[in-house]
Structure formats: structure tokens, C-alpha cells
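The values are calculated or read from the model by the stated rules, or taken from the named source; none is laboratory data. Every value quoted in this text rests on a predicted model; they were computed, and no experiment measured them. Methodologically, a virtual Cβ is constructed for each residue, glycine included, from the backbone with ideal geometry; neighbour enumeration extends over all protein chains shown.
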Amino acid sequence: MPNANDTSSVFYLLLTPEKGALVAGHATPLRVLARVQAPDLPPGTVPRAPLHLALVLDRSGSMSGAPLEEAKRCARHIVDSLAPGDRAAIFAFDDEIERFAPLSPAADKLALAAALAGIGSGGTTNLHGGWRAGADELAGQLAGEDVHRVILLSDGCANAGETDLETIAGQCKTLVQGGVSTSTYGLGHSFNEGLMLAMAKAGRGNAYYGQTAADLAEPFAAEFALLTSLCARGLVLKVNAPTNVGVKLRNDYEPVEGEPLTWKLPDLAFAAEAWAVLELDIPATDATDGEPVALPITVSVRAATQDSTPLFLMTALSPLPVVGRAAWQSMPADELVARRVLELDAGEALEAVRMAIEADNWGQAQKLVDDAAARFAQHEWAAAIIATMRRLIGVRDKRLAMKEAAFSSRSMNSRLSLRDEPTFGAAEAPSVPAFLRRKPEQGKGKRES
């Protein structure tokens, strides 16, 4: 079993049931935590897949001043951090789209920096047009298994060009199937979080937001740290189970078309794990009390490592003993499984809170968040997020409260985590990579302790 001191170069696929037994004579609801664990980053310099990035910045009138300057500063930081084998393109959009730099070698940093400096503010927001121009620039120059990603930043709603969420998300999905992924950054109160989250999900990227321009630095740093730490991409989890076993995935991961019981997991970074909670409905067995029962259930994961080598992992659910109903009900749950289930429950609770706020039903939102505060009091991270929601509900900040609820729900539902993750608080030390930190307030940059 791997642990925090395990620095081997292998990947692990672990299955942990919430309870280590089945109920005698009855069907058993069994939650199972599946974890794909990556090795530590090897010592020394490790070659990584080159990055091909399209930086797409909103320059509409509302971005004028500090927001645009901070966005340009963050983009400049990414450009300055690129390695010689990387490439970057720079686009800006208002009602029109302008390419300030074609996809260029990162070695030409001065030209890229000059292109960023030349971006000024303009008019309305053709978000789709800006994103599509960046995506097409990458798609036209795909290079093997390199990382191709659009980094899109906007502070407003799409109000020019294509504006339909499903159409834009559908195009993100089509582009990612061709090798171009999308990460989105929302800024302030006015951007459409539903669209930005949908684009990131369909585009197999990440979604971030900042309440102010100063909050943008951390999410930009998190994205770059993740892209330069990836050790496996294209993770696909598949469950193989008899037809009489019910299988449900609790996380909001995208199913793979044409493959039953198969889902796409997040790309995996060194020293991290991607995880999913499976809910199985195990039929009644004739085994006697105490007798172990072999379950014909396996889970597999396929992916590609950083050098494009195919990765395939498979493991079977261990045999479980049969016990009486009373013994099963009193059996303690595995602590880690229980915590991950609580995260998913908290994510669903936050979505219910968001819907109440959207309907201007503040009384219902207050009741839901009060119930959540009691329900998740023992889960430190969930409790911190609920405390943020209670504060935003208290001041009736509708737009910000809806954004916090939506982004927090996504974070709890589809995040990477540290292997052998410590309790919330200790894990947020400076040594923890930005993309693995659990934030109590998603729209705020990292605060000094």
C-alpha cells in the first residue's frame, strides 16, 4: 500500500469500501472509493510535454484599468515561465477579435511581452469569438501528444457573436476530442459562471474566478503549476460488474460515449490522486455469517503518461465477509471514504443553496446553509466553505453568492487531492502546490496566514 513516504515511480489504483462487509440475506448498498495515485516527482529535471497555450483576454470596456492590467501581468508571468520548447499565442476580444501574436516559440519572450503590452480596452464581449480564435490557432498546429490549451479570461457575459451555452460547450467538447482543451477564468460579479464552468468541464480544463483583479494571480499560478506537473493525461475509469449489480458514480464526471460504466477523470499530476466514489448495489448472497464473498467486480483505468506511454491499471474489489444487519449497521465507516462522500454531499448541498439564491428565495437559502453548517461541522473544509456562504447570504450579495456556491460545488466534486491528504488547515501549507489547495473562498487569492 503506498503512503506519503513512497517515492517509487509506479502508479496505483486503490479500491476502498466504506464498510468492509456485506449484509447477510439482504442486498447491500456499498460505497467504494477509487483512487488513482501518481508517483512523486523524480529528483532532478524531468522532461515534460511541451505546452502550447493560447492566452485569450477580454478587453471589453468593463475590463478597462486595473482588471486588464492585472490580466496582462498574469499572462506575462506565464509567458516568462515557459520553457524553450513551449509555444504561446495571444488574442484579445471585445466585439471584435484581434490576434496580437500567432503561436510562437516561447524563446521569443520579448515579442510575446510586447504583444501583451499592446492590448487596450474596447467595447462589448464576443467571448465565443475570442475563445474560438485561440482554439483554432492551436488546432491548426497540433503537435503530437503535447499539451494544447486555451486559457480564457473574461469579466462579463457573452453578449456578441455566439452566446448559447450548449452550443459553445459543445464546441469545447469537439475541440478537446481533437486535442485542444480549455480552462476559464472569470473576474468580478458580472461574468456568466454557468457558461465558464460548462466550457471548462466540456473542454477538460479547469475553472477559476477572482473577485478582484488582485485575486487572479493565484489561479493563473495554479493552472501553470498543474500543466507543468502533469504525469498522466486522458484518464478513463471503467467499472466491470455483473448486470445484477447496480453501479452509480457520485462525482460529476463526463461519461464516455459508447462505453457503459466508463467516465473521464481529471488529468493527474505528480504526488496527487484522482478519485471517484462509486455506489454499488450488491445483490443478496446465500453465504453464512462470517463467510467471505468474492465479488466479481473490477475497476480499470487507462491513460497516457507524460512521454505518451500507454498506462493501464486494473484491480478487483476484495472479498468481503457476510455479517448480520445489526452488525453491519454498527460497523464504522472507513474515515477517508466517509470524508470524500461528505465532500460530494456538501457539493450537492451548495448547488441547492445556489438554486435558492438564483430564485431570490433567501429564506430557503438561509435554511439550507444552516442545515449544511450542522451537517458538515466535522468536515473542516466543507465547514469553512459553508461559513463563507452564510456570510454572503447574510449580506444578500446574490451574484457573488451564486458564484461561490457554483465554484465550490465543482471544487468538491472533481478535484485532484494530495496522496494521503492531511486534514484541512495543515494541507494548505506553502509547500502544497496551488492546484491542490482547498480554499474556503474560491474567488479569493491566497491570504497570508
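Brief remarks follow.
- So Ala225, is it surrounded by fewer than 19 Cβ atoms within 10 Å (Cβ to Cβ), within 15 Å of the chain's Cα centre (by Cα) and farther than 25 Å from Glu358 by Cα: yes
- Some residue of the stretch 327-346 being of a type in the set (A, V, I, L, M) and over 30 Å from Glu441 (Cβ atoms): yes
- The stretch 118-167, residues that are assigned to a helix (DSSP H, G or I), in contact (Cβ under 8 Å) with a residue 40 or more places away in the chain and either within 17 Å of Phe93 (Cβ to Cβ) or not assigned by TED's automatic domain parsing to the domain that holds Pro84 (or both): Leu127, His128, Gly130, Trp131, Ala133, Gly134, Ala135, Glu137, Leu138
- Within the stretch 82-103, residues that are on the phi < 0 side of the Ramachandran plot and charged (D, E, K, R) sit with their Cβ atoms under 6 Å from residues that are surrounded by 23 or more Cβ atoms within 10 Å (Cβ to Cβ) and part of a strand (DSSP E or B), at 6+ positions apart or across chains, in these pairs: Arg87/His52; Glu98/Ala92; Arg99/Phe91.
- The one condition in (1) surrounded by 15 or more Cβ atoms within 10 Å (Cβ to Cβ); (2) within 28 Å of Trp381 (Cβ to Cβ); (3) in contact (Cβ under 8 Å) with a residue 60 or more places away in the chain that Leu249 fails to fulfil: (3)
- Residue among Ala54, Ala89, Ala106 that alone is in contact with a Pro (Cβ under 7 Å, 6 or more places away or on another chain) and either closer than 26 Å to Glu162 by Cα or exposed (fewer than 15 other Cβ atoms within 10 Å of the Cβ) (or both): Ala89
- Residue count, the stretch 120-132 (criterion: farther than 26 Å from Leu142 by Cβ and either out of contact with any Cys (no Cβ under 8 Å at 6 or more places or on another chain) or surrounded by fewer than 22 Cβ atoms within 10 Å (Cβ to Cβ) (or both)): 5
- Count of residues meeting criterion [part of a strand (DSSP E or B), surrounded by 15 or more Cβ atoms within 10 Å (Cβ to Cβ) and not polar (S, T, N, Q)] in the stretch 267-304: 18
- On the stretch given as the stretch 196-209, residues that are crowded, with 24+ Cβ neighbours inside 10 Å and touching a Lys or Arg at 6+ places or on another chain (Cβ under 8 Å) total 4.
- Filtering the stretch 43-95 to residues that are in contact with a helix residue (DSSP H, G or I) (Cβ under 8 Å, 6 or more places away or on another chain) and in a loop (DSSP other than H, G, I, E, B) leaves Arg59, Leu82, Asp94.
- The set of residues in the stretch 305-329 that are under 30 Å from Leu227 (Cβ atoms) and surrounded by fewer than 16 Cβ atoms within 10 Å (Cβ to Cβ) comprises Asp307, Ser308, Thr309, Pro310, Phe312, Met314, Thr315.
- Looking across the stretch 169-190, the residues that are in a helix (DSSP H, G or I) and either surrounded by fewer than 23 Cβ atoms within 10 Å (Cβ to Cβ) or among the hydroxyl-bearing types (Ser, Thr, Tyr) (or both) come down to Ala169, Gly170, Gln171, Lys173, Thr174, Val176, Gln177.
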